[in-house]
Amino acid sequence: MTNHTIPLERAREFEREQAQKLVSDERPLFHLTPLVGWMNDPNGFCYYKGQYHLFYQYFPFSRQWGPMHWGHAVSDDLLHWTYMPCALAPDTAADAGGCFSGSAVALPDGQLMLVYTGVQPAGTFKRETQAQCVAIGDGQDFEKSLLNPVIRHAHLPDGYSEFDFRDPKVWRAEDGTLRMVVANRHSERQGAILYFSSRDGIDWHFIGEIDASNEEYGRMWECPDFFRLDEKWVLLVSPQEMHAREEFHAGYGTVAFVGSFDETDCNFHRETIQPVDLGLSYYASQTMVAPDGRRIMIGWMDNWETCKEAPRRHPWYAQMSMPRELFIENGRLMQHPVREIETMWQDTIVENCTVKEEMSLAGVNGRLLDMTVRIHSDACQRFVIHLAKQGDHYIEVRCDISRGELVFDRSHGNSHRDIAHTRHVVANARDGELTLRFLMDKESIELFINGGERVVTSLIPTQIEAEGISFFADTPTKVTVEAHHLG
Ligand code: FRU
């Protein structure tokens, strides 16, 4: 497959030129950034021919969203990524308006199939429409099917949209055939997740609707994923236009429905509902299964509302979240950073101390850190941690232990913009201890509360030299700090 189209060859040529100019040490150490230009959702996350593959929504020619391509990178450990040439460009009648989000699945003949949303540009009397397309290849070069789009609006019962119909997630079921969930917007029920099956990835059959928003959890639902985990079924969606309710903030969010599923009548029964991530910068999760059976999730470490105002300091814009291992505990979806991070631990410091006035600990600082703070909560009401601190700039994490609330606050983090900077999150001590694990990678913080029962992910605008960390408690409080520098 060497006959690349002109748009794809242009993108690859541009990548080759740019690759020579780019300074790698300005990038985060273990979070994937686009080679150049703009990135949003993770796509086609899979393990194929002995490596992890991660594709992404990509516009190489600008640091703003534009006609969507698929960027591509591979990794042996989910932390160190090698760029591959741009995988898809909008270059056929079925996707001339963009190659939107999708997924990847290996075929029985050893090839990899990408399944994505093709956007057909608007005509004089018609808005742009969306339909599902496939491209098959060897893991680097992909050929689009002449039968694209393989799932069109005509496949759907009445009431479903041809304008909001996107983000297919495909997997191989136990019987060897394929399944897909894909998002649509129903005229009454709004966000709706549709379920399809196929033998070959080309000929798809509509089975039914798995779940719908009914305006309860946002309107259009984007980027669905659906999988079995520890005897439960988990439906992940990224809603637009949510109203703040329960633990959910307004705007773009991520929701996990945990429940049971009976495929014979396509009946998904919700048992629990929770935000996937409570931070300022997380959207569009996608999962895959690692060779050792772990279900691993990654998301876009950004937010459509705030990205418009975010600084553009580098020739690339945006990054992926840390890949996270998922598991269910007491009906709740839990997340751990992938254990591969332990291979990057260096210069570990463990301190048991009593915090009262503001204090710092020797060697506990920096912007490349995996730090767990265990706060013994008996007497303490208020515990505050400052990170990425220099002069008047810092990121603040305030724990009101008696109320069981944590506030993540980047309003003093050197932002010049009037955008959301704080999140209020439930954080109850368990057995007399509140555990906070911070992963810092230069311009981001991912905070895992109590072994991953809640996660708060945020980009931080703070200058890279701001490396201080300090602790403060209103009454003498025992803490254990375990800090691993990362390298
Ligand atoms: C989610 C999303 C998807 C769409 C893609 C376009 O962030 O809006 O629904 O496929 O981004 O880039």
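The values are calculated or read from the model by the stated rules, or taken from the named source; none is laboratory data. All figures in this text were calculated on a predicted structure; none of them were measured in a lab. So basically every Cβ, Gly included, is an ideal-geometry build from the backbone, and we count neighbours across all protein chains shown. For accessibility, only protein heavy atoms count, side chains too; no ligands or nucleic acids. Shrake-Rupley method; radii C 1.70, N 1.55, O 1.52, S 1.80 Å.
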Pairs Lys21/Lys49; Lys356/Lys389; Lys49/Lys308; Lys49/Lys169; Lys308/Lys442: which exceed 26 Å Cα-Cα? Lys21/Lys49; Lys49/Lys308
Considering the dipole of the chain built from charges on the beta carbon (Lys and Arg +1, Asp and Glu -1) around the Cα centre, which of Met180, His412, Ile445 is farthest to its positive end? His412
Ignoring ligands and nucleic acids, what accessible area does Glu482 show with a 1.4 Å probe (Å², nearest 10)? 70 Å²
Partners for Lys478 among aspartates and glutamates (Cα-Cα distance below 16 Å; same-chain residues under 8 apart left out): Glu351, Glu357, Glu358, Asp378, Asp400, Asp431, Glu433
Would you check the accessible area of Leu147, probe 1.4 Å, heavy atoms only, in square angstrom rounded to 10? 110 Å²
Judged on accessible area alone, 1.4 Å probe, highest first, Thr348, Thr177 line up as Thr348, Thr177
Provide the net charge surrounding Tyr52, with neighbours chosen by a C-beta distance below 9 Å and charges set as Lys +1, Arg +1, Asp -1, Glu -1. -2
Just to be sure I understand the curve: with the Debye formula and one point per C-alpha of the chain, what is log10 I(q)/I(0) at q = 0.08, 0.13 Å⁻¹? -0.47, -1.23
So, taking all protein chains as they sit and a 1.4 Å probe, how much accessible area belongs to Leu333, in Å² rounded to tens? 0 Å²
Rounded to whole Å and sorted largest first, what semi-axes of the equivalent ellipsoid does the C-alpha gyration tensor of segment 1-154 yield via the square root of 5 times each eigenvalue? 25, 19, 14
The chain, helix-only ellipticity at 222 nm - DSSP H runs n ≥ 4, -39,500 (n - 2.57), divided by all residues, nearest 500: -1000 deg cm²/dmol
If you wrap a convex hull around the alpha carbons of segment 129-247, what volume per residue comes out, as a whole number of Å³? 139 Å³
Could you give me the percent of Cα pairs per 10 Å distance bin for segment 1-87, shortest bin first, beginning at zero and ending with the bin that holds the maximum distance? 17, 50, 30, 2
For the chain, with all protein chains present and a 1.4 Å probe, just round the carbon and sulfur fraction of the accessible area to a whole percent. 48 percent
Report D for segment 401-472 in µm² per second (integer): Stokes-Einstein, Kirkwood Rh on Cα pairs, 10 °C, 1.306 mPa s. 118 µm²/s
Backbone HN-Hα couplings from phi across segment 187-193 [Karplus 6.51/-1.76/1.60, Hz, Gly and Pro as x]: 4, 9, 8, 6, x, 9, 10
Put +1 on the Cβ of each Lys and Arg and -1 on the Cβ of each Asp and Glu in the chain; which of Pro34, Ala135, Phe61 then has its Cα farthest toward the positive end of the dipole? Phe61
Folded to 0 to 90 degrees: helix 6-21 orientation relative to the chain principal axis, Cα: 30 degrees
Semi-axes in Å, largest first, for segment 299-395 (Cα gyration tensor, √(5λ)) are 27, 22, 17
So, over other residues within a Cβ distance under 12 Å of Gly253, counting Lys, Arg +1 and Asp, Glu -1, the net charge is -3
Treating only the Cβ of Lys, Arg, Asp and Glu as charged (+1, +1, -1, -1), what charge dipole size does the chain show about its Cα centre? Round to the nearest 20 debye. 660 debye
When segment 341-486 is reduced to its Cα atoms, the Kirkwood hydrodynamic radius in Å: 15.1 Å
Can you sort Ile401, Ile449 by solvent-accessible area, 1.4 Å probe, largest first? Ile401, Ile449
Write down the accessible area per residue of segment 6-337 in Å², having rolled a 1.4 Å probe over the full set of protein chains. 37 Å²
Among Met344, Met371, Asn428, whose Cα sits farthest toward the positive end of the charge dipole of segment 341-486 (+1 at Cβ of Lys/Arg, -1 at Cβ of Asp/Glu, about the Cα centre)? Asn428
Which order do Lys169, Lys389, Lys308 take when ranked by solvent-accessible area (1.4 Å probe, heavy atoms of all protein chains), largest first? Lys308, Lys389, Lys169
